[in-house]
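Undergrad: Let me give you the structure first, and then I'll get to my questions.
The values are calculated or read from the model by the stated rules, or taken from the named source; none is laboratory data. Please read these numbers as outputs of a predicted model, since none were measured by experiment. Ideal geometry is used to build each Cβ from the backbone, glycine not excepted, and the neighbour counts take in all protein chains shown. Ligands, DNA and RNA are excluded from the accessible area calculation, which covers all protein heavy atoms including side chains. Shrake-Rupley method; radii C 1.70, N 1.55, O 1.52, S 1.80 Å.
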Amino acid sequence: MCERRAAYILDESEPTDDSDKRTAILGTYLHEGLLTAAKREYGWLIETAVGDDLIRGHIDAVHLDAATARRLPKRLRPKQPADVVTVEDVKTKSLFVWDRVVRYGATEAEIRQVYLYAGLLRSVGFEDRWGQRPLSRLGPIDVQRIRFRFVCRDNGEEHIQEFAYDEAEAQRARWWVELVRSYEHPEQAERDFDGPGLDAICDYCVFRTRCWGHGVRPGAPVQTILIHDDADRAQALAEYVHGHELETQGKKFKKLARAKLDASTAGVYGDNELKWQGGRDVTDEEVDRAAVINRFRELGVDLPTEPDLDRAVALLQEAGIAVPMRTVRRTTARSIKVSPARTGTT
């Protein structure tokens, strides 16, 4: 979550914009369905509450190791204990961003959120509330692993990202919450994204107008409000030049890599999968230019003053005369496609 959005929520600010809720609703259906099925089939501990004086939240799934599970009533024990206590967060994503998810994993905000709750589990344990009091009696839980389970909303594909619990990351996440709570006004908080029109997160934010307002003139991008003086303009120009240099260098790298790979077959190489699109031999029909000219000569009709094949064809069609065609063979353009190598799911 963006720092400023979090500040608006803590301030209980009124939303200024509507967001498209259809994607969120679909994600909620998939999320709840997956967790409910996992609880029924495998005995997962799902949607458990954690909290202290600063933070409160719910953990999607907690996988207990055998030693910890034995301290619970049988009805709460998993069918297959984990090797180490694992906190799992389930995220649904669209196919549009799926390659980015597979290549780069969870975002900084997603990692921060799961560390907040995992840190509470390690320091306090499960919250003492109705429905989970046997869990709260366990006290602090020795979380050793973080897991993200990404599910593609469009095709059901799963991707797992796991890493060891890092206490320093948990402390950094908690510091972030303390920072946001320290602001007297939400506008003191930083914007973490580039704004409407440049970041989808901003496009669908319910505080979009309050956060960004409107451009300096009708029709201007809202980012124009970030320029206050000539120093800002100089900085923006320097950023533009730097971006252009990176783009130019990136295109050069890609052209060289594309040339080197031209004779390579499709397949998985290291962390990436190589695919080729196009490059097929196809048969098409096209107007036979020479035959059209001959047809005009046979008919004793003058050709258009300038060699204009389209006009000549139109004249033949207007006269009800068949347009001479010929069969041609060509090879479609061949393009490269590189995507993250799929290593399977767990």
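Undergrad: Conditions first: (1) more than 26 Å from ASP142 (Cβ to Cβ); (2) open to solvent by 40 Å² or more (accessible area, probe 1.4 Å); (3) among the polar types (S, T, N, Q). THR92 passes all but one, so which condition is the exception?
TA: Against the list (1) more than 26 Å from ASP142 (Cβ to Cβ); (2) open to solvent by 40 Å² or more (accessible area, probe 1.4 Å); (3) among the polar types (S, T, N, Q), THR92 comes up short only on (2).
Undergrad: Given the conditions (1) in a loop (DSSP other than H, G, I, E, B); (2) closer than 30 Å to ARG342 by Cα; (3) open to solvent by less than 30 Å² (accessible area, probe 1.4 Å), and given that TRP98 satisfies all but one, which numbered condition is not satisfied?
TA: The failed condition is (1).
Undergrad: Return yes when THR283 is β-branched (Val, Ile, Thr), free of Cβ contacts under 8 Å to residues at least 24 places away in the same chain and not in a helix (DSSP H, G or I) and no when it is not.
TA: Criteria not met by THR283.
Undergrad: Something else: If we keep just the residues of the stretch 335-346 that are of a type in the set (S, T, N, Q) and modelled with pLDDT under 85, which is least open to solvent (accessible area, probe 1.4 Å)?
TA: Among those that are of a type in the set (S, T, N, Q) and modelled with pLDDT under 85, it is THR345.
Undergrad: If a residue must be farther than 19 Å from ARG330 by Cα and either open to solvent by 70 Å² or more (accessible area, probe 1.4 Å) or of a type outside the set (Asp, Glu) (or both), how many such residues does the stretch 263-289 contain?
TA: So the answer is 12.
Undergrad: Any residue in the stretch 153-181 that is of a type in the set (Gly, Ala, Ser) sitting within a Cβ distance under 6 Å of a residue that is open to solvent by 60 Å² or more (accessible area, probe 1.4 Å) and not in a strand (DSSP E or B)? List the pairs, counting only those 6 or more apart or interchain.
TA: none
Undergrad: Taking GLU245 as meeting all but one of (1) of a type outside the set (Val, Ile, Thr); (2) farther than 30 Å from HIS63 by Cα; (3) at pLDDT below 85; (4) exposed (fewer than 11 other Cβ atoms within 10 Å of the Cβ), write down the number of the exception.
TA: Only one criterion in (1) of a type outside the set (Val, Ile, Thr); (2) farther than 30 Å from HIS63 by Cα; (3) at pLDDT below 85; (4) exposed (fewer than 11 other Cβ atoms within 10 Å of the Cβ) is unmet by GLU245, namely (3).
Undergrad: On to the next question. Please determine whether any residue of the stretch 189-198 is open to solvent by 50 Å² or more (accessible area, probe 1.4 Å), free of Cβ contacts under 8 Å to residues at least 24 places away in the same chain and either under 30 Å from LEU54 (Cβ atoms) or out of contact with any strand residue (DSSP E or B) (no Cβ under 9 Å at 6 or more places or on another chain) (or both).
TA: no
Undergrad: Also: State whether one or more residues within the stretch 327-334 are open to solvent by less than 70 Å² (accessible area, probe 1.4 Å), touching a residue at least 12 places away in the same chain (Cβ under 8 Å) and not hydrophobic (A, V, I, L, M, F, W, C).
TA: Checked against the condition, which is being open to solvent by less than 70 Å² (accessible area, probe 1.4 Å), touching a residue at least 12 places away in the same chain (Cβ under 8 Å) and not hydrophobic (A, V, I, L, M, F, W, C), the stretch 327-334 yields at least one hit.
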